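Here the structure is laid out as structure tokens; the discussion comes afterwards.
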Amino acid sequence: MAGSFHPPVRTLMGPGPSDVNPRILEALSRPTIGHLDPAFIEMMDEVKSLLQYAFRTENELTIPVSAPGSAGMETVFVNLVEPGEKVIICQNGVFGGRMKENVERCGAEPIMVEDEWGLPVDIAKAEQALTDHPDAVALAFVHAETSTGARSDAEALCKLAQQHDCLAIVDSVTGLGGIQLEVDAWGIDAIYSGTQKCLSCVPGLSPVSFSAKAVEKIKNRTHKVQSWFLDTNLVMGYWGSEGGRSYHHTAPVNSLYALHEALTILKEEGLENAWQRHANNHAAFAAGIQSLGLGFVVEPEYRLPQLNAVSFPDSVDDGAVRSALLKNYDLEIGAGLGALAGKVWRIGLMGFASNPTNVNLCLSALGNVLNTLGHECDPAAAVAAASEVYSSQQ
Ligand SMILES: *Cc1c(COP(=O)(O)O)cnc(C)c1O
């Protein structure tokens with residue numbers, strides 16, 4: 001007979017989920033109450049204002065979708081895109097490809113602007129596409145490409161969208177809480193994120209936010225939103241501030257306690273401090289990685305501090321390294337995706353997992369495993385290189 005499930009205790013340094021702060025796990029285990037209970041509704045109002053803080057927005061329609069980041073992506077597209085419309089999608093990794101899939105399923109036409117994996121979205125190419133397709137209704141791109149570790153210039157891309165009278169749609173599943181993100185100041189019209197990356201919360205929720213202009217487009221749709229569950233017109237009956245609180249679906253009560261706690265932790269630290277912490281830990285980690293003789297896919301200028309795509313020599317057995325890390329060190333790092341499969345590791349320093357202890361653990365464990373597999377390197381020197389960077393940050 002199967003008994004209770006007790007997961008192994010791991011250190012999560014992959015592309016997500018990231019290590020969950022114990023405060024969040026504790027919040028998750030608090031007693032479940034009804035999702036229409038006045039106490040719960042009060043908490044939801046706080047979740048909304050905490051999300052507005054994290055996104056830096058005053059957008060009224062700022063809510064967590066009750067499903068993972070992919071559902072946030074789908075929420076944005078099914079609500080904003082109508083059949084027959086054109087959407088320009090800038091793709092520089094895996095997730096832009098999913099945007100295309102979403103737009104097609106909306107019965108709309110994706111106009112793809114492709115960039116090499118590991119590079120940020122090319123602003124000039126995006127501008128050319130906007131000029132070539134004046135009838136496009138939106139420009140969509142990934143702010144923080146988790147498949148490559150590249151950061152795109154969201155501010156510049158949103159500005160272009162505005163100049164061409166397009167909505168700016170942004171995937172910041174990995175960006176939120178880890179790097180600068182300014183929904184209002186940059187003019188983002190629709191954005192989705194996830195809980196399990198830099199918020200270090202449990203997976204399964206997707207914060208989204210829509211500008212007034214985006215809401216206007218949703219209200220003036222000629223076709224019904226194809227998804228009943230993700231139709232924001234209906235969801236707003238529950239989340240909307242105009243009272244009512246009608247039943248739409250049973251909110252994932254305990255997961256929302258967890259998100260409330262995660263956002264509270266972020267606010268206690270302060271957004272800018274969180275961004276700086278991610279940058280500092282990345283700098284130390286990068287020094288150690290270079291000392292091990294490994295490289296980075298992305299140039300420092302566009303590199304995400306929270307997602308390190310680390311390249312290794314062809315002779316290294318990718319799978320053997322990752323299994324040894326998991327087996328001997330309880331340490332999870334991620335494999336490469338798509339075009340980078342078998343060529344890189346994706347090492348996350350996200351949220352709660354972005355700390356000096358994890359940086360040192362990963363450098364020494366990775367160095368030891370490489371040595372055991374016959375790739376000579378000096379783990380102690382890598383840890384020392386990281387320490388030197390930390391000292392210089394004091
Ligand atoms: C993780 C991720 C997603 C999908 O989120 P899920 O919670 O796995 O559904 C979408 N976009 C990016 C950039 C991501 O990193």
*Output the residue which, of all residues in the range 290-310 that are part of a helix (DSSP H, G or I) and within 23 Å of the chain's Cα centre (by Cα), is nearest to the ligand (Cβ to nearest atom).*
TYR302
*Sort through VAL170, VAL183 and tell me the only one that's within 17 Å of the chain's Cα centre (by Cα), in the same structural domain as PHE95 (by TED's automatic domain parsing) and without any contact (Cβ under 8 Å) to a residue 60 or more places away in the chain.*
VAL170
*Quickly run through the range 328-355 and pick out the residues that are at pLDDT 95 or above, crowded, with 17+ Cβ neighbours inside 10 Å and part of a helix (DSSP H, G or I).*
TYR329, GLY351, PHE352, ALA353
*Conditions: (1) over 15 Å from SER209 (Cα atoms); (2) in contact with a helix residue (DSSP H, G or I) (Cβ under 6 Å, 6 or more places away or on another chain); (3) within 16 Å of the ligand (Cβ to nearest atom). ALA144 meets all but one. Number of the miss?*
(2)
_Cβ-Cβ under 9 Å pairs, at least 6 apart or on other chains, the range 80-96 side assigned by TED's automatic domain parsing to the domain that holds ASP135 and part of a strand (DSSP E or B), far side polar (S, T, N, Q) and surrounded by 24 or more Cβ atoms within 10 Å (Cβ to Cβ)_ = CYS90/SER152
*Members of the range 181-214 that are away from the ligand (no atom under 14 Å from the Cβ) and of a type in the set (Lys, Arg)*: LYS213
*Is there a residue in the range 1-24 that is charged (D, E, K, R), in a helix (DSSP H, G or I), touching an Asp or Glu at 6+ places or on another chain (Cβ under 8 Å) and surrounded by fewer than 21 Cβ atoms within 10 Å (Cβ to Cβ)?*
yes
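The values are calculated or read from the model by the stated rules, or taken from the named source; none is laboratory data. Computed from a predicted structure; not experimentally measured. Backbone-built Cβ (ideal geometry, glycine too); neighbour counts: all protein chains shown.
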